[in-house]
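Take a look at the structure below.
The values are calculated or read from the model by the stated rules, or taken from the named source; none is laboratory data. Note that the structure is a prediction, hence the values are computed from the model and not measured. Here the Cβ positions follow ideal geometry from the backbone for every residue, glycine too, while neighbour counts run over all protein chains shown.
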Amino acid sequence: MKYGYFDDAAREYVIDRVDLPVSWTNYLGVEDMAAVVNHTAGGYCFYKSPEYHRISRFHGNNVPMDRPGFYVYLRDNVDGDYWSTSWQPVGKDLEKAKYRTRHGLSYTVYECDYNGIHSEEKLFIPRGENVLLWDVKVKNTGDTERDLSVFSYLEFSFHHVMIDNINFQMSLYCAGGSYKDGVIEEDLFYEEDGYQYFTSNFEPDGFDCVRDRFLGTYNTETNPQAVINGKCFGSEEKGMSHCGSLMKRFTLKPGEEVRYIFMLGEGKREDAYPVREKYSDFKNVDAAYEDLKAYWKRKADAMVIDTPNPGMNSLINIWTLYQSEINVMFSRFASFIEVGGRVGLGYRDTAQDAMTVLHSNPDKCRSRIIELLKGLTTRGYGLHLFQPEWFEKEEKTAGFDSPTVVPKADKSVIHPEEQACSDDCLWLIPSIVEYIKETGDMDFVREQVTYADTFVEGNDFAESVYDHMKRILDFSTEQVGANGICKGLRADWNDCLNLGGGESTLVTFLLYRALDCFTELADELGNKEDVAKYTELLDKVREISNGICWDGDWFIRGVTKSGRKIGCKEDEEGRVHLESNSWAILSGAADRDKAEKALDAIDKYLFTPYGLLLNAPSYTKPDPEIGFVTRVYPGLKENGAIFSHPNPWAQAAACVLGRGDIAMKFYNALCPYNQNDMIEIRESEPYSYCQFIAGVDHTAYGRARHPFMTGSGGWSYFTATHYILGIRPDYTSLTVDPCIPADWKEFRVSRIFRGVTYNITVKNPDGHMKGVKRLEVDGIPADKIPVFERGSVHCVTVTM
Ligand code: GLC
């Protein structure tokens, strides 16, 4: 069953059946102000932080689901009938009202045809401004003149997600909503910058600032009293919960159209006036929208692929790039699942995200890397979850202690090393190396950066990025357990695998990869001593990897505190694990024969038509030595689900071994595009990877949950581009080394690398999966692809 389709030419996903099983979401805003919205205009908006500076309220995990949002109601003043431009909240009979939602890159359009009226509501946030525009068009498509009214509705937040939900004896009396000269102002009395405005391009015929007045007691957003009555109440009050409703009555002759712009902005009433003036001119609205389109086009143009796989083309050229960018911007803290209240940077997630869109967003990736380096302790482990603001020098201090100001850090935020996640920092080293390879910015290693623990002590001790990297490696090489395998500490990548004093093979393989990347960098820098020191460690880790970590047919997952191996043949539950086996191969730590067997084990024990299971069989018996994972329901999340994030690791691992057929089989299984017509099973949006899909041991097998905010977006992008298509930046050149299915005859990629456009054609006349036979640059045989002058365009032909 399908609910929509990919419109690649417009870079949109079109939902033409809006009664979806769950919300399909999208992200608005690419700078400070942002919103998460769904297919029925539900969602919320914030400025910088969804926790501390929430603009509009959201009732997460509620019934009716995913409300409120940015609603526009239309009312027929002759018969009193009313509807909304998005299907919800009014929820008209879909036999009578035709709805369509178009999710584009940083904008969403809601369309409705009902009873001779076509309406449209386009939501987007112009770049360089902190205002959410609601661009509304209403057209009379019938043959009689119509007498209509339009009403907007949004619910303001008390700025902090907790204050929205608790302690109402305080919060209900600290915010005020008032109307003057066409502008509603929401003010939060206890906060210096606690102002928002809501205005429109017209002189309203009515307004409401008090939520419960507009809606009416016992009514909801489905049937607001003001809309039923056909006029607002003109409510204002210092105190209570507030809304933004502006109302206008108008008539439309047959064929006639009106356009209304609503503006929800950050700032005081006086800040609204210039914005109101600017966007009362439709030319400026259109220009802001075009600018946003151009912004995304530039990003998409940095790499365009044309392969025999339409799903891969669509996702890599548009949606997976978008998802990866969104993750770098919003680092897991804003969705309908993460609804604020848990913000900041997760060390490992951010570290991985930072390497995925280096070609399209190097500056943001760089600043994320710096933030993470500042979140590192001098001991060499990172803070698992932290606010980058904690470690910024010029912190703005409020004149008084407002509950919505990000708290300052003190020593208590520096958790002890046993509380560190053993993998966190190891992800950062390859990301730094990838950053340098993409940009050529070798000076980056010399940049001086502070450390978290010394910073909170008021000490501005700083060292180079390179020194930070060494501290990470030194910490990890020290943290080994009884068998010489890296310790599990609080957890490794799998948050629910809490081995404590036990050991994790995954971390050992990640250490191998980090050491490998680092020695290569040290070599490039000519630091011979470091090359020698870290190569020795590398060899040691390799020996352990192929010794105690090997179980005969696959790699074990770890060893518990009491010395019991897990993820081995003797195990009835959790016998084979995806993460350790993928990374054994992908890191290069595994010997060839073991790597081949491990890949076969992944394919044999973990493959499903919806992607690879994280572990099989699922755990059913709680076991504190293994950790919380044994208390997660079988088939969900970290216990036997198709956890998406490690799936691309296995795809890349298959590429390392030259198994293009397996890589593509794994890619296609997880690829959400391929599930577009089975939404009765998948339920979630087919344009976004989801955190997990229920596994074989669960009744909801095949059902995807938690879109957008997952490392699988970035990793799918990275694996598809770097491993499957094999386009890899290097220190002084570009490498093209694909690993594809034998039946791909040809594919093309246009890639901008350090300002140079490379038009790459890969030919595979003899049906190989890997191996480059001939390379031509601008028609001349070559042994590498050099970095040419910025702005130049070159042709690369690779024959496999
Ligand atoms: C979630 C977390 C991520 C973790 C994964 C597995 O996606 O954000 O950090 O690695 O779960 O536990």
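Residues of the range 338-379 that are under 12 Å from the mean Cα position of the chain (by Cα), within 16 Å of the ligand (Cβ to nearest atom), assigned to a loop (DSSP other than H, G, I, E, B) and β-branched (Val, Ile, Thr): 356 alone.
Applying the criterion of at least 3 residues that are buried (at least 19 other Cβ atoms within 10 Å of the Cβ) and polar (S, T, N, Q) to the strands (runs of 3 or more DSSP E) found wholly in the range 691-800 leaves an empty list. Whenever a residue of the range 638-654 is farther than 18 Å from residue 684 by Cα and outside any helix (DSSP H, G or I), its partners that are of a type in the set (Lys, Arg) and more than 10 Å from the ligand (Cβ to nearest atom), lying with C-beta atoms within less than 9 angstrom and at least six residues away or across chains, give the pairs 639/631.
I need the full set of residues from the range 237-294 which are in contact (Cβ under 8 Å) with a residue 60 or more places away in the chain and of a type in the set (Lys, Arg), in order please.
If the condition is that a residue be in contact (Cβ under 8 Å) with a residue 60 or more places away in the chain and of a type in the set (Lys, Arg), then 238, 248, 249, 253, 259, 268, 269, 276, 293 are the ones that fit.
Could you list, in sequence order, the residues of the range 118-133 that are in a strand (DSSP E or B) and either of a type in the set (Asp, Glu) or crowded, with 20+ Cβ neighbours inside 10 Å (or both)?
Pass one, the range 118-133, residues in a strand (DSSP E or B): 118-124, 131-133.
119, 120, 121, 122, 123, 124, 131, 132, 133, listed by residue number.
Cβ separations smaller than 8 Å between residues 6+ apart or across chains give the following pairs from the range 186-203 residues that are at pLDDT below 95 to residues that are among the aromatic types (Phe, Trp, Tyr) and outside any strand (DSSP E or B): 188/158; 190/400.
Restricting attention to the range 565-585, does a residue exist that is β-branched (Val, Ile, Thr), away from the ligand (no atom under 14 Å from the Cβ) and closer than 20 Å to residue 502 by Cβ?
Yes: one or more hits.
Would the range 38-53 turn up any residue that is of a type in the set (A, V, I, L, M) and outside any loop (DSSP other than H, G, I, E, B)? No: zero hits.
Within the range 354-366, residues that are farther than 9 Å from residue 435 by Cα reach partners that are hydroxyl-bearing (Ser, Thr, Tyr) with beta carbons closer than 7 Å, at six or more positions or on different chains, in the pairs 356/324; 356/717; 357/324.
Restricting attention to the range 655-664, the residues being surrounded by 24 or more Cβ atoms within 10 Å (Cβ to Cβ) and part of a loop (DSSP other than H, G, I, E, B) number 0. Taken over the range 573-603, the criterion of being out of contact with any Lys or Arg (no Cβ under 9 Å at 6 or more places or on another chain) and more than 19 Å from residue 658 (Cβ to Cβ) is satisfied by 578 alone.
Filtering 276, 259 for residues that are in a strand (DSSP E or B), of a type in the set (D, E, K, R) and closer than 30 Å to residue 245 by Cβ leaves a single hit, 259. Being away from the ligand (no atom under 16 Å from the Cβ) and under 23 Å from residue 371 (Cα atoms) is the filter; apply it to the range 469-501 and report the residue that is surrounded by the most Cβ atoms within 10 Å (Cβ to Cβ). Selected residue: 476. State whether the residues of the range 665-687 include one that is modelled with pLDDT of 95 or more, closer than 28 Å to residue 1 by Cβ, assigned to a loop (DSSP other than H, G, I, E, B) and within 16 Å of the ligand (Cβ to nearest atom). There is at least one residue in the range 665-687 that is modelled with pLDDT of 95 or more, closer than 28 Å to residue 1 by Cβ, assigned to a loop (DSSP other than H, G, I, E, B) and within 16 Å of the ligand (Cβ to nearest atom).
Among the numbered conditions (1) outside any helix (DSSP H, G or I); (2) more than 15 Å from the chain's Cα centre (by Cα), the only one that residue 312 does not meet is (1).
Could you check, for the range 25-36, whether at least one of its residues is modelled with pLDDT under 95, crowded, with 24+ Cβ neighbours inside 10 Å and either of a type outside the set (A, V, I, L, M) or in a strand (DSSP E or B) (or both)? No, the conditions are met nowhere in the range 25-36.
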